[in-house]
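See structure below.
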Amino acid sequence: MPVIHILNGPNLNLLGQRQPEIYGHQTLADVEAACRALAPELGLEIGSFAQENGEGALVERIQAARGAARGMVINPAAYSHTSVAVLDALNLFEGKVIEVHISNIHRRETFRHHSFVSSRADGVIAGCGTHGYQLALRQLALLLA
Ligand code: DQA
């Protein structure tokens with residue numbers, strides 16, 4: 001089974017408490033449970049489900065996935081809009097990458113409309129709520145089949 005990693009950026013540890021009108025009521029633990037329930041059905045093994053608040057820690061996680069995972073679901077959160085370092089790390093990763101945003105970043109402030117990560121991503125899902133993670137897993141399964 002292809003191993004995939006699911007990686008979350010800053011402030012997503014507070015999912016469920018954080019602006020629920022934008023991000024919903026599910027916690028990151030709920031998202032993890034839903035992903036872990038779905039993955040075996042799709043023939044995917046979740047190598048890790050992680051969250052980091054720091055940019056460097058996120059870069060280190062992406063580097064560690066090199067050679068260890070065939071795909072990645074990443075919600076880089078605010079670093080999507082600011083981080084060339086996260087983009088550069090993803091460019092070193094050989095596997096498939098699906099970028100997820102819980103909210104529709106294109107319907108929000110203009111500074112959220114651009115994501116550095118999107119230029120590397122094999123697919124982008126935005127505005128589907130936390131269900132976007134499951135959609136991302138389905139797409140990864142197709143790409144890795
Ligand atoms: C987010 C959107 C980003 O603009 C924001 O900074 C986040 C979460 C989303 O999932 O909708 O932290 O990536």
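What the table below lists for this structure:
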item: Any chance Ala78 is closer than 22 Å to Arg138 by Cα and among the aliphatic types (A, V, I, L, M); result: no
item: Within segment 62-104, considering residues that are β-branched (Val, Ile, Thr) and assigned to a helix (DSSP H, G or I), the one farthest from the chain's Cα centre (by Cα); result: Val84
item: Residue count, segment 3-12 (criterion: of a type in the set (S, T, N, Q) and either part of a loop (DSSP other than H, G, I, E, B) or surrounded by fewer than 17 Cβ atoms within 10 Å (Cβ to Cβ) (or both)); result: 1
item: Boolean, Asn53 is farther than 20 Å from Ala136 by Cβ and within 14 Å of the chain's Cα centre (by Cα); result: yes
item: Per-region count, segment 109-130, residues closer than 24 Å to Asn13 by Cβ and either touching a residue at least 60 places away in the same chain (Cβ under 8 Å) or of a type in the set (Gly, Ala, Ser) (or both); result: 7
item: Single residue of segment 64-90 satisfying the filter (under 20 Å from Ser48 (Cβ atoms) and surrounded by fewer than 14 Cβ atoms within 10 Å (Cβ to Cβ)) that is farthest from the ligand (Cβ to nearest atom); result: Gly67
item: Out of Ala50, Ala33, sole residue that is away from the ligand (no atom under 15 Å from the Cβ) and either surrounded by 22 or more Cβ atoms within 10 Å (Cβ to Cβ) or free of Cβ contacts under 8 Å to residues at least 40 places away in the same chain (or both); result: Ala33
item: Those residues of segment 105-131 which are within 8 Å of the ligand (Cβ to nearest atom), crowded, with 18+ Cβ neighbours inside 10 Å and in a helix (DSSP H, G or I), in sequence order; result: Ile105
item: Residue satisfying condition, being in contact with a helix residue (DSSP H, G or I) (Cβ under 9 Å, 6 or more places away or on another chain) and either surrounded by fewer than 14 Cβ atoms within 10 Å (Cβ to Cβ) or of a type outside the set (S, T, N, Q) (or both), within set Glu55, Glu21; result: Glu55
item: Some residue of segment 26-41 being at pLDDT 95 or above, part of a loop (DSSP other than H, G, I, E, B) and farther than 13 Å from His5 by Cβ; result: yes
item: Any hit, segment 70-91, residues being in contact with a Gly (Cβ under 9 Å, 6 or more places away or on another chain), at positive phi and at pLDDT 95 or above; result: yes
item: Meets criteria (within 13 Å of the ligand (Cβ to nearest atom) and either under 22 Å from Met1 (Cα atoms) or surrounded by fewer than 17 Cβ atoms within 10 Å (Cβ to Cβ) (or both)) for Ile102; result: no
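Conditions tested, residue by residue: (1) more than 13 Å from the ligand (Cβ to nearest atom); (2) at negative phi; (3) of a type in the set (A, V, I, L, M, F, W, C).
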{"residue": "Leu7", "(1), (2), (3)": "no, yes, yes"}
{"residue": "Leu15", "(1), (2), (3)": "no, yes, yes"}
{"residue": "Gln19", "(1), (2), (3)": "no, no, no"}
{"residue": "Leu42", "(1), (2), (3)": "yes, yes, yes"}
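The values are calculated or read from the model by the stated rules, or taken from the named source; none is laboratory data. Since the model is a prediction, treat every value here as computed from it, not as a measurement. Backbone-built Cβ (ideal geometry, glycine too); neighbour counts: all protein chains shown.
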